Amino acid sequence: MRHLEASAPRLEDPDPEGVGLHAWAQRPRTPRSPHRPGTEPGALRVLREEIEEVDREIIELISRRCQLARATGVEKCSAGLPLEDPAREARVVRMGASLARDQGLDEEGVRQILWCLIGLARRTQRAEDTPTPEEKPNR
């Protein structure tokens with residue numbers, strides 16, 4: 001392991017390839033964009049605006065998912081069921097990974113997103129306006 005760490009270039013290493021500091025300083029560099037935010041070329045601006053719209057839609061869907069999770073939590077409490085259902089959560093993640101694969105997306109990245117959403121759902125279900133089984137009204 002130590003050998004691998006020693007051979008991997010580090011960000012702060014001014015001569016990562018061992019070619020001499022002068023040669024390293026003369027390397028080709030990727031030019032930085034001369035554009036300030038909001039002054040991008042037309043096509044780039046349009047693409048970024050579309051991404052922002054998709055981000056807004058994603059946030060709206062996350063909000064909807066949280067509302068459904070809160071209602072699910074209420075139903076679970078009314079039925080005397082635990083809020084967490086690890087088997088169900090695992091099925092949700094497996095289903096999402098399968099859908100990601102079908103869309104050509106990074107399955108692991110989608111799994112991570114889904115686990116984050118499940119964590120958010122758990123926190124939403126535990127929110128103070130969701131009664132716990134001990135707080136549910138007697139019927």
Checklist entry - Looking at segment 94-114, is at least one residue in contact with a helix residue (DSSP H, G or I) (Cβ under 8 Å, 6 or more places away or on another chain) and under 19 Å from Ala127 (Cα atoms)? => result no
Item to check | For Ser7: the one exception among (1) surrounded by fewer than 11 Cβ atoms within 10 Å (Cβ to Cβ); (2) at pLDDT 95 or above; (3) over 16 Å from Ile118 (Cβ atoms) | outcome: (2)
Checklist entry - Is it fair to say Ala43 is in a helix (DSSP H, G or I), modelled with pLDDT of 95 or more and out of contact with any strand residue (DSSP E or B) (no Cβ under 7 Å at 6 or more places or on another chain)? => result no
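The values are calculated or read from the model by the stated rules, or taken from the named source; none is laboratory data. This one's a predicted model, so the numbers in the text were calculated from it and none came from an experiment. Using ideal geometry, Cβ is built from the backbone for each residue, glycine included, and neighbour counts are taken over all protein chains shown.
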